[in-house]
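K.L.:
Sharing a structure here in structure tokens format.
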Amino acid sequence: MSITWHLCRANEMIHGNEIHKMANVLGLEEVHGGYTMLMFSARIASGLPLRSIERVHKIVAPRYREFSTLIITKQTLGRRRKKREPLSRTESERLARIARVWSMAKDVYKDEDLARAFLSRPHQMLQGRVPLEVATETEYGADAVVEILGRLKYGSAA
């Protein structure tokens, strides 16, 4: 087998582990053999269940009273609850970004309280903005937060 095959397989396992962590944070059902990136993408695109917001809120930001408004407006959340509808694709993507940065923060800090503190305090490399809020705005915002966490993990200036 070629070295390329081994590198691709190692990369798939790394991403698979990340996806497993994210799925767990989101409270998604277990899938035999685990989620692939494509399966996880399809799950997000089809809309996450509303209970995922509460689960992520309890895990990531239990003291953030208006956490759900990072994902969805209060009025829309109320309507979705009445109709028992899932989150939209866009809302699901926002929530998945939070799960991604949470997983990385937890990996870096090895302590949930320290990870929460990082995500909830303004950071100078984000122009004084709060990482959790930056991560929900766009994929690029989430990437900026993950980059800072990567610098912390691997000893670069952050």
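The values are calculated or read from the model by the stated rules, or taken from the named source; none is laboratory data. This one's a predicted model, so the numbers in the text were calculated from it and none came from an experiment. For neighbour counting, all protein chains shown are included, and Cβ atoms are generated from backbone atoms with ideal geometry for every residue, glycine included. To get the accessible areas, we keep the full protein, side chains included, count just its heavy atoms, and leave off ligands, DNA and RNA. Shrake-Rupley method; radii C 1.70, N 1.55, O 1.52, S 1.80 Å.
K.L.:
Does Ile98 meet the test of being modelled with pLDDT of 95 or more, in a helix (DSSP H, G or I) and open to solvent by less than 30 Å² (accessible area, probe 1.4 Å)?
P.N.:
yes
K.L.:
Residue under question is Ile72, and the condition is that it be surrounded by 15 or more Cβ atoms within 10 Å (Cβ to Cβ) and more than 20 Å from His20 (Cβ to Cβ); does it hold?
P.N.:
So Ile72 fits the description; yes.
K.L.:
Any residue in the range 73-94 that's touching a residue at least 24 places away in the same chain (Cβ under 8 Å) and within 16 Å of Arg43 (Cβ to Cβ): show its pairings with residues that are of a type in the set (Val, Ile, Thr) and not in a helix (DSSP H, G or I) at Cβ separation under 6 Å, as long as the two are six or more apart or on different chains.
P.N.:
Close Cβ pairs satisfying both conditions: Glu91/Ile71; Glu91/Ile72; Arg94/Ile71.
K.L.:
What's the number of the only condition in (1) of a type in the set (Lys, Arg); (2) at pLDDT below 95; (3) under 18 Å from the mean Cα position of the chain (by Cα) that Arg65 fails to meet?
P.N.:
Among (1) of a type in the set (Lys, Arg); (2) at pLDDT below 95; (3) under 18 Å from the mean Cα position of the chain (by Cα), the lone unmet condition for Arg65 is (3).
K.L.:
Turning to a different aspect of this structure: Kindly indicate the residue of the range 75-95 that is hydroxyl-bearing (Ser, Thr, Tyr) and farther than 11 Å from Pro49 by Cα and also least open to solvent (accessible area, probe 1.4 Å) among those meeting that condition.
P.N.:
Thr76
K.L.:
Here is a further query. Under the condition of being exposed (fewer than 14 other Cβ atoms within 10 Å of the Cβ) and of a type in the set (A, V, I, L, M, F, W, C), which residue from the range 105-153 is farthest from Ile71 (Cα to Cα)?
P.N.:
Leu114
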